[in-house]
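> Input: one structure, supplied below.
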Amino acid sequence: MVSNVQIAGAPKKQLSINPKKFILWLFMVSIVMVFASLTSGFVVRQAEGNWLNYNLPVELLVSTIILVLSSVSVQWAVRAAKNKELNQTRLGLIITLVLGTVFLISQIWVWSILVENQVYFVGNPGGSFLYVLMGVHGFHLISGLIYLLIMLVRAYRVDKASKIQFQLGQSATYWHFLDGLWVYLYVFLLIYH
Amino acid sequence: MSTAHIELTDVMEHDDHGHHEQSFISKYIFSTDHKTIAKQFLISGIVWALIGGILSFIFRLQLGFPNMDMAWLRPFLGEWINIDAATGIGKLDTEFYLALVTMHGTIMVFFVLTAGLSGTFSNFLIPLQIGARDMASGFMNMLSYWFFFTSSVIMFSSMFISTGPASGGWVIYPPLSALPQAISGSGLGMTLWLVAMALFIVSTLLGGINYIATVINMRTDGMSFSKLPLTIWAFFLTAILGLLSFPVLLSAALLLILDRSFGTSFYLSEIYIGGEALPNMGGSPVLFQHLFWFLGHPEVYIVLLPSLGITSEIISTNSRKPIFGYRAMIGSMLGIAFLSFIVWAHHMFVSGMNPFVGSIFVLLTLIIAVPSAIKAFNYITTLWKGNIVFTPAMLFSIGLVSFFIAGGITGIFLGNAALDIQLHDTYFVVAHFHLVMGSAAFFGMVAGVYHWFPKMFGRMMDRKLGYIHFWVSFIGIYSVFFPMHYIGIAGFPRRYYSFTNFDAFSTFADLNAFITISAGVTFLAQLVFVFNFFYSIYKGKKATPNPWKSNTLEWTTPINPGHGNWPGAIPKVYRWPYDYSKPGAKDDFIPQTVPYSETPESNLPHEQELAEKEKKGDTGIKVE
Ligand code: HEM
Ligand SMILES: [Cu+2]
């Protein structure tokens, strides 16, 4: 059977990208579906009335800005790795990790402000949905932090940036995605709160 | 990383693939080889199918013989059989009846026909039929199985707790599923159900992501999408449906978990128990139905599509004819996949949903009958005037077509909101989906096992036992589900413990007994299959390299393919997989690996041009 193959001109290679990259994209699609369903549930439920209206705390804007900044720093780390600047890569990762952690803390801070404004997790679904959206996003963000932390440890173990470049790119893609997801949620909440 | 690069750039480096010494654990237990993982899914699926079957037989006994003394089941069911102190007669516990129905549905839909079916055949066939060494990520694939396994253990253990397993139906509608006060199964049993299903979803996503990534990126040279076997198209689209719909079930489950354990009110509102109001206000149970059926409807196609793909392959091979309307088959699968996301509310016509919205869903639902019908016609036209070889796999495939048509027709009745007011939640619905989904998908799965058994285990299954299995199952299934249409039209609601209190229904007592007996016989026939399966693994006749004279790539591997599938280079692909009985050809089949330049006698004019190009070393094959 196999010998048949050599006779004629080779059939063309099939278009493909790196499967690992592709897997990451598909994984992000599944996360998108989780949030698409939660936000559409939000809209559908809100349309039925009996909905708690509240003002979004301005502090939420602060955490949004922090997270956007962390995207910049992770991109900087990726650029540095491309330029073979291992030390800068490490620094970029550290900054990103710090910003990511600060973001999480500030989300909890926002929760405490919400409670002060009498918007509770247990109670009218209007409030509960807000906590769930923030909480589920935060949960995914923790997974992103762990990924970056692993990259940081690796960055200290290797001697050349090129050795971690691919994985670093993957983790940065995921981080940008989590950032973009939060911006979407923030805008969504601004419109529908 | 490295393996993926090697696979893409230089396949020859993998030559030594078959000779690794592997320990028992890494070879059979925590294996990353797609063929082993497929077998793990298959055997788990068979075990689950037997458990699910036994559960259904117990509640069928109750329905068929409501006065029966079930004391003899006490050794197995213990407290779930209530013994009457005065008479000594044993009765099935009423709440346990609901638990049985729930677990039967959950097990069959998710554990057998989703994990058991896709897990087996997507894993087994995707690399073999597209010409790849393994899945995009063997590790994720292994994780997928072990998540499934853990989920199985949890779901199974939930059947042995004192409050009983989940009892709110496989659709777990709140408030019933949210409140332990409503039914004892909604206590710990429901919690375990939710945990098990969350793990199950993770498993499905890990598997599905892998299938998609593999089909898109790891096809061998020449294997364009327009040369892909229909099996692969079906598995591919199934995985996409799963990727888009299972996360939604995860959200629905998450909100349910919060309602159950953390006091939120997403689905609960204004509920009084024993005259006392619960604190929950402002929730919407219909929201759950929307979220659930947004998964639920695609899920029924996740169950069916792989079987349709398997059937396409088997019917074409055993009719010795090209599949009729290859492109129409792909088109209708794409159509079904797309439409299946916009018809979910046909399960909710009587939920109190806005009737105008309902009528839009009627329209969309009826449109889905069109691609379904195209598929049915194409199977029949493929069979038409074929040189049919009646292997057991072929019989089961034809059986699938029959069930698909019989059950699809009743879907058109149910799809009309006005008729559905009468038919909703009756045995008519039960008949509909057991034929179109349950039996059809099950037959596809069994057909696949008979057909690819030689590739999986290097041996053949016994034909005679296969024929017995087929005829008893085929007649048995119609005997079970056809009468249910009448019972349903007469108004029997589903999920009722007993009908003896309604005089109107007593005329159907004999019919119900008949159904139960048929179900028992059908179940026994499955034991023939199980015996045949395990016996043939060890004692079956040795298989030849290509026992069904098939065109697809898996039959170019050694009889027992090793790790990496092909000992030498991966074969290249020159033609579509359905060149059966081509006029002028020497044989009645031309494998995908045969170039056009070797078959001048049978080439069509445009293929002759390709052959010339092949000779010149030009690649005639476009990347699509
Ligand atoms: C011609 C195409 C089809 C139409 C128009 C159709 C329509 C419907 C409708 C309207 C219902 C809801 C009935 C009710 O609950 O009152 C229903 C139930 C169901 N259908 Fe179909 N159907 C079709 C094909 C299929 C296929 C191909 C499958 C599976 C592969 C399937 C599986 C199911 C299942 C599982 C249920 C019941 C779910 C439950 O309530 O437990 N249907 N169908
Ligand atoms: Cu449906």
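The values are calculated or read from the model by the stated rules, or taken from the named source; none is laboratory data. Small disclaimer: the values here were computed from a predicted structure and weren't measured. Glycine gets a Cβ as well: all are built from the backbone with ideal geometry, and neighbour counts include every protein chain shown. Calculation scope for accessible area: heavy atoms of the full protein, side chains included, ligands and nucleic acids excluded. Shrake-Rupley method; radii C 1.70, N 1.55, O 1.52, S 1.80 Å.
> Right, A:Leu52: within 14 Å of another protein chain (Cβ to nearest Cβ) and in contact (Cβ under 8 Å) with a residue 24 or more places away in the chain or not? Don't jump to the end; show me each part of the working.
Values: within 14 Å of another protein chain (Cβ to nearest Cβ): yes; in contact (Cβ under 8 Å) with a residue 24 or more places away in the chain: yes.
Taking the combined requirement at face value, the residue satisfies it.
> On to the next question. Exactly one condition in (1) within 26 Å of B:Gly352 (Cβ to Cβ); (2) touching a Phe, Trp or Tyr at 6+ places or on another chain (Cβ under 9 Å) is not met by B:Glu270; state its number.
The single condition B:Glu270 does not satisfy is (2).
> Return the residues of the stretch B:167-192 that are surrounded by fewer than 20 Cβ atoms within 10 Å (Cβ to Cβ) and either of a type outside the set (Gly, Ala, Ser) or within 16 Å of ligand 2 (Cβ to nearest atom) (or both); say none if nothing qualifies.
Matches in the stretch B:167-192: B:Gly169, B:Trp170, B:Val171, B:Tyr173, B:Leu176, B:Pro180, B:Gln181, B:Leu188, B:Thr191, B:Leu192.
> Out of all the residues in the stretch B:304-323, is one or more open to solvent by 10 Å² or more (accessible area, probe 1.4 Å) and within 16 Å of ligand 2 (Cβ to nearest atom)?
Narrowing the stretch B:304-323 to residues open to solvent by 10 Å² or more (accessible area, probe 1.4 Å): B:320-322.
After this cut, where a residue has to be within 16 Å of ligand 2 (Cβ to nearest atom) as well, the list is none.
Checking the stretch B:304-323: not a single residue is open to solvent by 10 Å² or more (accessible area, probe 1.4 Å) and within 16 Å of ligand 2 (Cβ to nearest atom).
> Now a separate question. Given B:Thr106, B:Thr94, which one is buried (at least 22 other Cβ atoms within 10 Å of the Cβ) and either at pLDDT below 95 or within 15 Å of the chain's Cα centre (by Cα) (or both)? Give the steps one after another, and end with the answer.
Values: B:Thr94 fails: buried (at least 22 other Cβ atoms within 10 Å of the Cβ).
The unique qualifying residue is B:Thr106.
> Restricting attention to the stretch B:372-384, which residues are surrounded by fewer than 20 Cβ atoms within 10 Å (Cβ to Cβ) and within 13 Å of ligand 1 (Cβ to nearest atom)?
B:Ala373, B:Ile374, B:Ala376
Results for (1) within 30 Å of B:Ser167 (Cβ to Cβ); (2) touching a residue at least 12 places away in the same chain (Cβ under 8 Å), shown as yes or no for each residue.
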| position | (1), (2) |
| --- | --- |
| B:His104 | yes, yes |
| B:Met108 | yes, yes |
| B:Gly119 | yes, yes |
| B:Asn123 | no, yes |
| B:Gly131 | no, yes |
| B:Asp134 | no, yes |
| B:Met142 | no, yes |
| B:Tyr145 | yes, yes |
| B:Val153 | yes, no |
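> Which count do you get for residues in the stretch A:17-30 that are open to solvent by less than 30 Å² (accessible area, probe 1.4 Å) and more than 7 Å from chain B (Cβ to nearest Cβ)?
Just the residues of the stretch A:17-30 that are open to solvent by less than 30 Å² (accessible area, probe 1.4 Å), to begin with: A:18-19, A:23-24, A:26, A:28, A:30.
When the remaining residues are screened for being more than 7 Å from chain B (Cβ to nearest Cβ), the result is A:24, A:28.
Residues that pass the stated criteria total 2.
> Further, regarding this structure: Output the number of residues of the stretch B:407-423 satisfying the condition of being assigned to a loop (DSSP other than H, G, I, E, B) and crowded, with 19+ Cβ neighbours inside 10 Å.
Of the residues in the stretch B:407-423, 1 are assigned to a loop (DSSP other than H, G, I, E, B) and crowded, with 19+ Cβ neighbours inside 10 Å.
> Let me ask something else about it. Restricting to the stretch B:564-580, give me the number of residues that are in contact with a Phe, Trp or Tyr (Cβ under 8 Å, 6 or more places away or on another chain) and part of a loop (DSSP other than H, G, I, E, B).
Of all residues in the stretch B:564-580, those in contact with a Phe, Trp or Tyr (Cβ under 8 Å, 6 or more places away or on another chain) come to B:574-576, B:578-580.
Next, only the ones that are part of a loop (DSSP other than H, G, I, E, B) stay: B:574-576, B:578-579.
Of the residues in that region, 5 qualify.
> Name every residue in the stretch A:32-42 that is of a type in the set (Val, Ile, Thr), more than 7 Å from chain B (Cβ to nearest Cβ) and open to solvent by less than 50 Å² (accessible area, probe 1.4 Å), in order of residue number.
A:Thr39 - this is the single residue of the stretch A:32-42 that is of a type in the set (Val, Ile, Thr), more than 7 Å from chain B (Cβ to nearest Cβ) and open to solvent by less than 50 Å² (accessible area, probe 1.4 Å).
> Oh, and also: Residue check: is B:Ile360 within 10 Å of ligand 1 (Cβ to nearest atom), open to solvent by 30 Å² or more (accessible area, probe 1.4 Å) and of a type in the set (Val, Ile, Thr)?
Working: within 10 Å of ligand 1 (Cβ to nearest atom): no; open to solvent by 30 Å² or more (accessible area, probe 1.4 Å): yes; of a type in the set (Val, Ile, Thr): yes.
Spelling it out, it is not the case that B:Ile360 is within 10 Å of ligand 1 (Cβ to nearest atom), open to solvent by 30 Å² or more (accessible area, probe 1.4 Å) and of a type in the set (Val, Ile, Thr).
> Oh, and also: Can you tell me which of (1) more than 14 Å from ligand 2 (Cβ to nearest atom); (2) within 14 Å of another protein chain (Cβ to nearest Cβ); (3) part of a helix (DSSP H, G or I) is the one B:Ala345 doesn't meet?
(1)
> Ok, one more. B:Trp548 is checked against (1) within 14 Å of another protein chain (Cβ to nearest Cβ); (2) assigned to a loop (DSSP other than H, G, I, E, B) and fails just one. What number does that condition carry?
Going through (1) within 14 Å of another protein chain (Cβ to nearest Cβ); (2) assigned to a loop (DSSP other than H, G, I, E, B) one by one, B:Trp548 breaks only (1).
> Continuing with this model, one more query. Pick from B:Thr365, B:Thr381: which is within 14 Å of ligand 2 (Cβ to nearest atom), in a helix (DSSP H, G or I), out of contact with any Cys (no Cβ under 7 Å at 6 or more places or on another chain) and not charged (D, E, K, R)?
The unique qualifying residue is B:Thr365.
> Name the residues in the stretch B:220-273 that are part of a loop (DSSP other than H, G, I, E, B) and free of Cβ contacts under 8 Å to residues at least 60 places away in the same chain, would you?
Narrowing the stretch B:220-273 to residues part of a loop (DSSP other than H, G, I, E, B): B:220-224, B:228-229, B:262-271.
Matches in the stretch B:220-273: B:Phe262, B:Gly263, B:Thr264, B:Ser265, B:Phe266, B:Ser269, B:Glu270.
> Another question, then. Any idea which of B:Ile477, B:Ile515, B:Ile468 is part of a helix (DSSP H, G or I), out of contact with any Gly (no Cβ under 7 Å at 6 or more places or on another chain) and surrounded by 19 or more Cβ atoms within 10 Å (Cβ to Cβ)? Full working, then the answer.
Values: B:Ile515 fails: out of contact with any Gly (no Cβ under 7 Å at 6 or more places or on another chain); B:Ile468 fails: surrounded by 19 or more Cβ atoms within 10 Å (Cβ to Cβ).
Just a single option satisfies the conditions, and that option is B:Ile477.
> Identify the residue in the stretch B:240-268 that is over 23 Å from B:Thr204 (Cβ atoms) and more than 8 Å from every other protein chain (Cβ to nearest Cβ) and, among all such residues, is surrounded by the fewest Cβ atoms within 10 Å (Cβ to Cβ). First the steps, then the outcome.
Of all residues in the stretch B:240-268, those over 23 Å from B:Thr204 (Cβ atoms) come to B:259, B:261-268.
Checking the rest, the ones that are also more than 8 Å from every other protein chain (Cβ to nearest Cβ) come to B:259, B:261, B:267-268.
Working: B:Asp259: 24, B:Ser261: 11, B:Tyr267: 27, B:Leu268: 25.
If we take residues in the stretch B:240-268 being over 23 Å from B:Thr204 (Cβ atoms) and more than 8 Å from every other protein chain (Cβ to nearest Cβ), then B:Ser261 is surrounded by the fewest Cβ atoms within 10 Å (Cβ to Cβ).
> Only one of B:Pro571, B:Pro591, B:Pro595, B:Pro577 is touching a residue at least 40 places away in the same chain (Cβ under 8 Å), within 20 Å of A:Lys13 (Cβ to Cβ) and within 11 Å of another protein chain (Cβ to nearest Cβ). Can you tell me which?
None of the other options fit; the residue is B:Pro571.
> Of all the residues that make up the stretch B:292-328, how many are more than 10 Å from ligand 1 (Cβ to nearest atom) and within 10 Å of the chain's Cα centre (by Cα)?
Final tally of qualifying residues: 1.
> B:Thr410 versus (1) touching a His at 6+ places or on another chain (Cβ under 8 Å); (2) within 22 Å of B:Leu244 (Cβ to Cβ): which is the lone unmet condition?
Looking at each condition in turn, B:Thr410 falls short on (2).
> Here's a follow-up. From the list B:Phe482, B:Phe428, B:Phe404, exactly one residue is at pLDDT 95 or above, surrounded by fewer than 23 Cβ atoms within 10 Å (Cβ to Cβ) and either near ligand 1 (Cβ under 8 Å from one of its atoms) or more than 14 Å from chain A (Cβ to nearest Cβ) (or both). Which is it? Walk me through it before giving the result.
On the way: B:Phe428 fails: surrounded by fewer than 23 Cβ atoms within 10 Å (Cβ to Cβ); B:Phe404 fails: surrounded by fewer than 23 Cβ atoms within 10 Å (Cβ to Cβ).
The unique qualifying residue is B:Phe482.
> Please work out which one of (1) part of a helix (DSSP H, G or I); (2) open to solvent by less than 30 Å² (accessible area, probe 1.4 Å) is the condition A:Ile150 fails and give its number.
(2)
Residues checked against (1) touching a residue at least 60 places away in the same chain (Cβ under 8 Å); (2) on the phi < 0 side of the Ramachandran plot; (3) in contact with a strand residue (DSSP E or B) (Cβ under 6 Å, 6 or more places away or on another chain); (4) surrounded by fewer than 16 Cβ atoms within 10 Å (Cβ to Cβ):
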residue: A:Ser63; (1), (2), (3), (4): no, yes, no, no
residue: A:Ile66; (1), (2), (3), (4): no, yes, no, no
residue: A:Val72; (1), (2), (3), (4): no, yes, no, yes
residue: A:Trp76; (1), (2), (3), (4): no, yes, no, no
residue: A:Leu86; (1), (2), (3), (4): yes, yes, no, no
residue: A:Thr89; (1), (2), (3), (4): yes, yes, no, no
residue: A:Ile95; (1), (2), (3), (4): no, yes, no, no
residue: A:Ser106; (1), (2), (3), (4): no, yes, no, no
residue: A:Val119; (1), (2), (3), (4): yes, yes, no, no
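> Of all residues in the stretch B:563-582, which are under 19 Å from B:Thr220 (Cα atoms) and touching a Lys or Arg at 6+ places or on another chain (Cβ under 9 Å)?
Once the filter is applied, which keeps residues that are under 19 Å from B:Thr220 (Cα atoms) and touching a Lys or Arg at 6+ places or on another chain (Cβ under 9 Å), the stretch B:563-582 yields B:His563, B:Gly564, B:Asn565, B:Trp566, B:Ile570, B:Val573, B:Tyr574, B:Arg575, B:Trp576, B:Pro577, B:Tyr578.
> Right, here's the next one. State all residues of the stretch B:193-219 that are within 9 Å of another protein chain (Cβ to nearest Cβ), open to solvent by 10 Å² or more (accessible area, probe 1.4 Å) and among the β-branched types (Val, Ile, Thr); if no residue qualifies, say none.
Within the stretch B:193-219, B:Ile216 is the sole residue that qualifies.
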